[in-house]
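Notes to accompany the following structure.
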Amino acid sequence: MTAHILLVDDDPLIFHLEKTLLGENNYRFSTSGSGEDCLVRIAADRPDIVLLDIMMPGVGGLKACEYIRRSPSGQDIYVIFVSALNDAETRLAAYDAGGDDFMLKPLSATEIRHKVEIALRTRQEVADLRRDLSDTISVAMCALSTGGEMGVILHFFSRSFSCQSMEALAGAILDGFGSYGLSASVQLKYEGGPLTLNSERRCSLIEQELLLNLGQDSRHLFNYGSRTVVNFPHISVLIKNMPLDDEERYGRMKDNAVLLVEGAEHRILALTNELSVKKRQQRLAAAMRSAQGELVSIRDAFSRNHTEVVTTLGSLERQVEKTFGKLDLSESQETCLLQVVRPLTKNAYSLEEQALINDKRLSRVLEDLQEAING
């Protein structure tokens, strides 16, 4: 099915530019000239992606995005803000409004195509992850039943040991905060990362950049408004809805958050080491299989060559004896010639026996290699 993109801007020339850059035949487009009309069009024909201008008369892009996010039908819509403003306040406001990504004017073909491709890929990943939400809810309920707030942490520690990937660990962290009724975004920093995920199993580029910036703060814990950030060298967590109305619970949640994230930090280090060891084992097994193949080839070639040498020398001795009848040699001359040829043949047979011994030794080496590869 062709993706539906809603273009929202008070300048009609922008519509033509965006369609041209994206390719008019690649998507189904609809347009809107204001924030108010944008909301009406979304209610009538929900798009997959909205390219939303920030600065518009009346209801601006930021307020329109807030309305979209509050609407039940707007949770899955991927909103990309389009603006000529590039300051930190504008980007943070776009994130707070619920935006998924941000593009600067003037638009470029490479950037707009890349961001739309990311949006479509992200929406598919979200759809796949939400099919598993029932399992996530079950895990959260199980954590709550293990004995209160500390039970949540203990349950997380237990679960984290079974996580064999960074994705699984990020999910366990978010489930832990979800058990407290907290919505969070987590960013794991490791070789091949960073990995960013939030409680809704959505991962916007704005969140990635925001957590990268927040993670540069040297403090383990800091607060602004209802949000709390917990930082360790390999993990940053942004908690979005701390309970400010309950001072006692607010204090406990900060303590619990630090404990949970610190435990996750240690698991990231252990998991990084485990994955590194696993890669080395895989490389070693591949090298052993290669060596095994080379040894088999060498053994086969040696056996063929040795057999040919022995056969040739045996044939030489027989040919020499047959030739004596055709030559006018004395008996002493024949004996002299045989005394030259026969020791060579005898040595060849002796070498054959040694070759058989070496072949058995090589076979044992190959068997040991095979056993090591199979584990």
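For Arg70, Arg267, which order do you get if you count the other beta carbons within 10 Å of each Cβ and list the fewest first?
So the ranking, lowest neighbour count to highest, is Arg70, Arg267.
Any idea what the dipole of the range 189-288 comes to, in debye rounded to 20, about its Cα centre with Lys/Arg Cβ at +1 and Asp/Glu Cβ at -1?
Values: 14 positive and 13 negative charges, 119 e Å.
Its charge dipole is roughly 580 debye.
On the first, second and third principal axes, largest extent first, how far apart are the outermost C-alpha atoms of the range 1-91 in Å?
36, 29, 22
Around Arg113, under 14 Å between beta carbons, what's the net of Lys plus Arg minus Asp minus Glu among the other residues? Display every interim value, and only then the final one.
Numbers: positive: Lys19, Lys115, Arg121; negative: Glu18, Glu24, Asp101, Glu111, Glu117.
Neighbour charge sum, excluding Arg113 itself: -2.
What order do you get for Lys105, Lys278 when you list them from fewest to most C-beta neighbours inside 10 Å?
Lys278, Lys105
Bear in mind these aren't lab numbers, they're just calculated from the coordinates by the rules spelled out. It should be emphasised that the depicted structure is a prediction, and the values quoted were computed from it without experimental measurement. Cβ atoms come from the backbone with ideal geometry, glycine included; neighbour counts cover every protein chain shown.
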